[in-house]
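No value in this document is a laboratory result; all are computed from the given coordinates. Since this is a predicted model, take the numbers as computed values, not measurements. Glycine also receives a Cβ, built like all others from the backbone with ideal geometry; neighbour counts cover every protein chain displayed.
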Amino acid sequence: MQSSKHEQGLAARRRELVERSAAQRAALAQAAEPIRRKAAALDKVVGHVRRNPVVSALAVGAVALLGSRKIFDLAARAITVYLLFRKAN
């Protein structure tokens, strides 16, 4: 009889711990979502670099020769022209 109460107490404690663990896992997964999105974006970039090493080398060379500020200015202009062209069509 005594061990039955003890076993019931242990079972109840186990249920509480399992529920708390599930809640903590859910909270952790929710908190990590922004990091997961950034990691997925980085993974896409790394995959692109691995599949296209020549293009990546050219991009790095362009940054080295022209400087990152000049590349940024050119990229901003290219994006603007592209969006205007796309909107016109």
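Can you tell which of ALA39, ALA64, ALA88 lies farthest toward the positive end of the dipole of the chain, using +1 and -1 charges on the Cβ of basic and acidic side chains (Lys, Arg; Asp, Glu)?
Working it through, the farthest residue towards the positive pole turns out to be ALA88.
For volume of the Cα convex hull per residue in Å³, which listed value, [x] 200; [y] 228; [z] 341, comes from the coordinates shown?
[x]
Placing unit charges on C-beta atoms (Lys and Arg positive, Asp and Glu negative, everything else neutral), compute the dipole magnitude of region 2-53 about its Cα centre in debye, rounded to 20.
With only Lys, Arg, Asp and Glu charged at Cβ, the dipole is about 240 debye.
Quick one: what are the phi-derived ³J(HN,Hα) couplings along region 4-21, Karplus 6.51/-1.76/1.60 with θ = phi - 60°, whole Hz, x for glycine and proline?
Working through the residues one at a time gives 5, 5, 5, 5, 5, x, 5, 5, 5, 4, 4, 4, 4, 5, 5, 5, 5, 4 Hz.
Please give, to one decimal in nm, the separation of the simple spin-label points placed at THR80 and ARG37, each 7 Å out from Cα toward the Cβ.
For the pair THR80/ARG37, the computed spacing is 2.8 nm.
Using a cut-off of 15 Å between beta-carbons, work out the net charge of the residues near ALA12 (Lys and Arg +1, Asp and Glu -1, ALA12 not included).
Result for the local shell: +2.
For every helix of n ≥ 4 consecutive DSSP H residues, a contribution of -39,500 (n - 2.57) applies; sum these over the chain, divide by its total residues, and give [θ] at 222 nm rounded to the nearest 500 deg cm²/dmol.
When only DSSP H runs of four or more count, the value is -34500 deg cm²/dmol.
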